[in-house]
Amino acid sequence: MRKVLLLICIISPVLLWAQGSQVNTQSQKSVGMSGAGSALYIDETSIFYNPGALAKMSSNAVSLGTSGIMYRSAFQEVGSDITHETAFKISPPVSLFAAFGPKDSWWKAGIGIYNPFGGNVDWGTEWPGRYSLTHLSMRAFYIQPTLSFRVTENFSIGGGFVYNIGMVDLAKALPYSFPDGSEGHVNLKGTGSGMGYNLGVHYHLEDEISISLNYRSKVNTKLEGGDATFSVPSALSSSIPAENKFDAELPLPSTFTLGLALPLNEKVNIAADASIINYTIYKELGFKFKENGELLDNVSDKKYQNAFSLRGGVDIQTNEKLALRAGAGFVYSPVQKQYVYPETPDNNRYMGSIGFTYSFNPNWDLNAAYVMQYVLPRTAQNVVTKLNGRYATYIHAPGISLTYKW
């Protein structure tokens, strides 16, 4: 029975790279419209949002950006009046995009390095869910070389190969006490890799409606030879090695996005993006340990559903140097109530944003944005860990980027 309890603690929520950890801050212009703009903004960040639009760039460009994602969550166990909060942490996803080719040519090439998934959460060691999680830090780096071609004046296509490098560092308490009263714990740390692709088409009707279609494939990240460090009482040391290795496969979902952009006049544009995210690939999570594998290897159910999002906003060019933006959005969660875990206690969410671009001169642009996400509170009991309580979560993400054009 003790080994079964230990197994449940190890496998239940580990290494979750879905469920609210999707990061959509690759373009601060898009962030200013709550993630919309794949059909509107034709620049170097199209490498991520729609490679098909890249060939319509009139210049070459390099941009570097980052955001400070501040994730705060609170938990109150059913039957308790004590609220436990996560520690203040900032996750800084980065993005580097470069687009180049002959000016006003029928083709454009580029490369993007960005973080589409990640997170950083620290619940501490005193809260009721410490056997599910104490802290988690994770980051997925996508490297994407891209080619884009203008087939006609209005229609262009493009695509890129994606190589992912994913890193994770997770810890949790174990329900076994040492003679001094302290509890056991386990830390899992490793790096994995996977491959995928990003395809897009872009079509515009002269200066009227623009349409964007983008498909980002799933990336099945394989983590091999991760480090598992256990601290357990001596009675378990013969069956649970202090130092171990583990393998796992982590499916990152595909996304299909339809984008529309419509100019209201010469200075005002509106845009909307609708996305379907194929989280159904995340049915279960399994781990294989190198030593005593038969005792530790197992699979836990996740049973995610498909998710969708709808985002929209307005872009106002106030003068030659300054553009202002605002947006709002809604994301439908893929996480069923009975499978809520504390690393990202997800639910349906609403968001609102503001942003701007300031052009110092024809070569240099400064982009900045802020988006706030409100995750609807959720009371849930997990079918695996039996943790039962109410989660409330807010996410704040200010960001900035600098672009050089030539």
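The values are calculated or read from the model by the stated rules, or taken from the named source; none is laboratory data. Note that the coordinates shown come from a computational prediction; the quantities given were computed from them, not determined experimentally. Cβ sites come from the backbone with ideal geometry, for glycine too, and all protein chains shown count toward neighbours. Only protein heavy atoms, including side chains, enter the accessible area calculation; ligands, DNA and RNA are left aside. Shrake-Rupley method; radii C 1.70, N 1.55, O 1.52, S 1.80 Å.
General remarks:
- Convex hull per residue volume in Å³, alpha carbons only, for region 136-204: 99
- A full extension of the chain between residue 236 and residue 197 corresponds to an added length of 9.6 nm, given 0.36 nm per residue minus the alpha carbon distance.
- Normalised per residue, the accessible area of region 229-280 is 44 Å², obtained with a 1.4 Å probe and no contribution from ligands, DNA or RNA.
- 0 to 90° range, to nearest 10: angle between helix 2-11 axis and the chain longest Cα axis: 10
- Measuring between their Cα centroids, region 38-91 and region 235-270 lie 12 Å from each other.
- Ignoring aspartates and glutamates fewer than eight residues from residue 290 along the same chain, the ones with Cα atoms less than 18 angstrom from its Cα are 224, 227, 243, 247, 249.
- Lysine pairs in region 113-268 whose alpha-carbon atoms fall under 16 angstrom of each other, counting only those eight or more residues apart or on distinct chains, come to 4.
- P(r) histogram, all alpha-carbon pairs of region 158-275 included - 5 Å bins from 0, percent: 2, 9, 13, 12, 10, 9, 8, 8, 7, 6, 5, 4, 3, 2, 1, 0
- Rounded to the nearest 500, the helix-only mean residue ellipticity at 222 nm of the chain stands at -1000 deg cm²/dmol, with each DSSP H run of n ≥ 4 adding -39,500 (n - 2.57).
- Förster radius 56 Å - calculated FRET efficiency between residue 404 and residue 178, Cβ distance, rounded to 0.05: 0.50
- Between 157, 316, 42, the Gaussian network model of the chain with springs among Cα atoms under 10 angstrom shows the greatest mean-square fluctuation at 316.
- Comparing 194, 79, 329 in a Gaussian network model of the chain where C-alpha atoms under 10 Å apart are linked, the largest mean-square fluctuation is found at 79.
- Size of the chain as Cα extents on the principal axes (Å, biggest first): 73, 43, 34
- Simple rule: put +1 on each Lys or Arg Cβ and -1 on each Asp or Glu Cβ in the chain, find the dipole, and look at 93, 269, 400; the Cα lying farthest toward the positive end is 269.
- Sparsely packed loop sites in region 36-111 (the chymotrypsin sites (Phe, Trp or Tyr not before Pro) outside DSSP H, G, I, E and B with at most 11 other Cβ atoms within 10 Å) comprise 88.
- Among 99, 173, 242, residue whose mean-square fluctuation peaks in a GNM of the chain (springs only between Cα atoms under 10 Å): 242
- Between region 190-233 and region 333-406, the alpha-carbon center distance in angstrom: 18
- Between the residues 184, 76, 281, the greatest Cα displacement towards the positive end of the dipole of the chain, with unit charges on the Cβ of Lys, Arg, Asp and Glu, is found for 281.
- Note on residue 388 and residue 324: with the Förster distance fixed at 60 Å, the Cβ-Cβ geometry gives a FRET efficiency of about 0.85.
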